[in-house]
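The values are calculated or read from the model by the stated rules, or taken from the named source; none is laboratory data. The model shown is predicted, which means the values in this text are computed figures rather than measured ones. Positions of Cβ are backbone-derived with ideal geometry, glycine not excepted, and every protein chain shown enters the neighbour counts. When the accessible area is computed, the model is the full protein with side chains, heavy atoms only, and any ligands, DNA or RNA have been set aside. Shrake-Rupley method; radii C 1.70, N 1.55, O 1.52, S 1.80 Å.
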Amino acid sequence: EETVTALYEGSHKTVTFPSGIGAIAAATITFLQHGDHVLFSDSVYGPTRKRVGKNLLERAGVEITYYDPLIGGDIADLIQPNTKMIYMESPGSHTFEVQDVPAITAVARDRGILTVIDNTWSSAYFCNPFALGVDIVLEAGTKYLCGHSDAMLGTVTVSTEEQFQALKGMQNTLGSRSGPDEAFLALRGIRTLSVRMERHQINALKVAEWLDARPEVERVLYPALPSDPGHELWKRDHTGACGLFGVMLDKKFSKPAMCAMVDGLDLFGIGASWGGFESLAIPIAPAGSRTATPWPHENQMVRLHIGLEDPDDLIEDLEDGFGRLNAA
Ligand SMILES: Cc1ncc(COP(=O)(O)O)c(C=O)c1O
């Protein structure tokens with residue numbers, strides 16, 4: 001916990017949980033209660049909405065409003081007298097919108113509203129949300145902190161002793177502590193976090209640029225690309241980009257064609273839990289999990305996690321995949 005705290009300059013203390021979703025559940029339910037209102041980004045990780053939002057917070061009588069991740073300072077218009085928390089994730093899961101975090105935290109600060117961010121995509125290495133005015137930063141340590149897809153962990157880093165005591169109290173209530181083996185694996189992973197993140201970035205950028213130039217691809221959703229709508233904000237607030245991005249295929253490709261492409265990949269595993277050393281691919285369909293800002297695109301989409309393999313080998317694997325996509 002001290003090691004994670006040290007990764008985040010300006011933070012106070014960290015509490016670890018058995019998973020990322022456990023960290024999200026604890027970080028929200030600790031600071032919200034019956035009658036409170038919370039603003040959640042429309043681009044949050046699916047289970048943040050479906051499990052923590054629906055199963056936990058709404059059942060506890062907390063009112064949730066989902067907001068457009070591009071809202072910036074206009075979030076002021078959504079604030080109610082009982083708004084107690086703004087919960088961000090930037091870039092967003094599946095759709096990778098970059099939020100104007102300082103604009104949002106400035107509004108929250110003025111009104112005494114707590115701000116929380118899921119910083120799993122950047123990890124502490126590429127972004128320090130405390131420097132952007134965020135109060136509480138969480139990560140699915142399962143991803144880059146551990147880095148080898150062999151342990152699950154969640155971290156919640158807070159900025160005051162009062163927040164720490166409240167969170168620790170909730171952890172004791174839930175009996176939700178991380179185990180010693182996971183702590184060991186995270187500590188070992190953190191020793192190589194910097195070199196892994198740098199290589200994820202180099203590899204991902206090479207693959208993303210190659211994909212962006214392909215006729216089969218309509219858009220690559222990766223803020224590190226200058227063509228990405230979130231590029232300027234990303235450059236301002238982050239020092240780098242991880243290995244995770246979305247690929248929107250041309251409209252003409254069907255779902256079975258996309259599946260033929262993904263199923264036959266050799267170096268990419270098919271899987272959800274990214275952040276390890278190996279590359280992953282998974283079909284995604286953002287339209288089903290948005291309420292504030294409908295996702296208007298019908299194109300098939302694939303999310304790629306670019307691991308630490310030779311990027312030329314990954315490109316070759318994807319090129320064969322495009323062969324299957326075109327042939328289907
Ligand atoms: C952005 C984000 N936050 C949180 C989580 C949850 O982490 P865990 O799998 O450790 O519960 C994930 C998992 O995919 C994620 O992508």
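Within the stretch 99-119, the residues that satisfy the criterion of being among the aliphatic types (A, V, I, L, M) and either crowded, with 23+ Cβ neighbours inside 10 Å or outside any loop (DSSP other than H, G, I, E, B) (or both) are VAL101, ALA103, ILE104, ALA106, VAL107, ALA108, LEU114, VAL116, ILE117. ARG188 meets all of the listed conditions (1) in contact with a strand residue (DSSP E or B) (Cβ under 9 Å, 6 or more places away or on another chain); (2) open to solvent by 10 Å² or more (accessible area, probe 1.4 Å) but one, namely (1). Considering only residues in the stretch 120-133 that are open to solvent by less than 10 Å² (accessible area, probe 1.4 Å) and part of a helix (DSSP H, G or I), the one that is farthest from HIS12 (Cα to Cα) turns out to be PHE126.
Determine, yes or no, whether GLY147 is within 11 Å of the ligand (Cβ to nearest atom), modelled with pLDDT of 95 or more, open to solvent by less than 10 Å² (accessible area, probe 1.4 Å) and not hydrophobic (A, V, I, L, M, F, W, C). No; evaluated as a whole, the condition is false for this residue.
Of all the listed residues (GLN171, GLN163, GLN99), the sole one being in contact with a helix residue (DSSP H, G or I) (Cβ under 7 Å, 6 or more places away or on another chain), modelled with pLDDT of 95 or more and among the polar types (S, T, N, Q) is GLN171.
Within the set GLY141, GLY179, the sole residue that is within 23 Å of THR28 (Cα to Cα), surrounded by fewer than 23 Cβ atoms within 10 Å (Cβ to Cβ), outside the structural domain of GLY307 (by TED's automatic domain parsing) and within 16 Å of the ligand (Cβ to nearest atom) turns out to be GLY179. Taking the condition more than 16 Å from the ligand (Cβ to nearest atom) and either open to solvent by 10 Å² or more (accessible area, probe 1.4 Å) or in the same structural domain as THR293 (by TED's automatic domain parsing) (or both), does LYS50 pass? In short, no. Determine if the stretch 22-34 includes at least one residue that is free of Cβ contacts under 8 Å to residues at least 12 places away in the same chain, surrounded by fewer than 24 Cβ atoms within 10 Å (Cβ to Cβ), away from the ligand (no atom under 16 Å from the Cβ) and not basic (Lys, Arg). Looking for residues that are free of Cβ contacts under 8 Å to residues at least 12 places away in the same chain, surrounded by fewer than 24 Cβ atoms within 10 Å (Cβ to Cβ), away from the ligand (no atom under 16 Å from the Cβ) and not basic (Lys, Arg), one finds none in the stretch 22-34, hence no. The requirement of being on the phi < 0 side of the Ramachandran plot and touching a Lys or Arg at 6+ places or on another chain (Cβ under 7 Å) is fulfilled nowhere in the stretch 184-206; no residue meets it.
Per-residue answers, yes or no, for (1) closer than 24 Å to ASP150 by Cα; (2) more than 20 Å from the chain's Cα centre (by Cα):
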residue: ASP266; (1), (2): yes, yes
residue: ARG290; (1), (2): no, no
residue: PRO294; (1), (2): no, no
residue: GLN300; (1), (2): no, yes
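Beta carbons closer than 7 Å, at least 6 apart along the sequence or on distinct chains, pair a first residue in the stretch 268-279 that is more than 10 Å from GLY307 (Cα to Cα) with a second that is hydrophobic (A, V, I, L, M, F, W, C) and more than 14 Å from the ligand (Cβ to nearest atom) for ILE270/VAL262; ILE270/ALA281.
Entry remark, the stretch 152-174: residues being within 14 Å of the ligand (Cβ to nearest atom) and either open to solvent by 10 Å² or more (accessible area, probe 1.4 Å) or closer than 16 Å to HIS12 by Cβ (or both) number 3 in total. If you go through the stretch 273-282 and keep only what is open to solvent by less than 60 Å² (accessible area, probe 1.4 Å) and either away from the ligand (no atom under 11 Å from the Cβ) or touching a strand residue (DSSP E or B) at 6+ places or on another chain (Cβ under 6 Å) (or both), you end up with TRP274, GLY276, SER279, LEU280, ALA281, ILE282.
Just one residue in the set VAL207, VAL217 is modelled with pLDDT of 95 or more, in contact with a Leu (Cβ under 6 Å, 6 or more places away or on another chain), open to solvent by 10 Å² or more (accessible area, probe 1.4 Å) and assigned by TED's automatic domain parsing to the domain that holds ILE270; that residue is VAL217. The selection criterion, being farther than 23 Å from ALA124 by Cβ and not in a strand (DSSP E or B), holds for VAL262.
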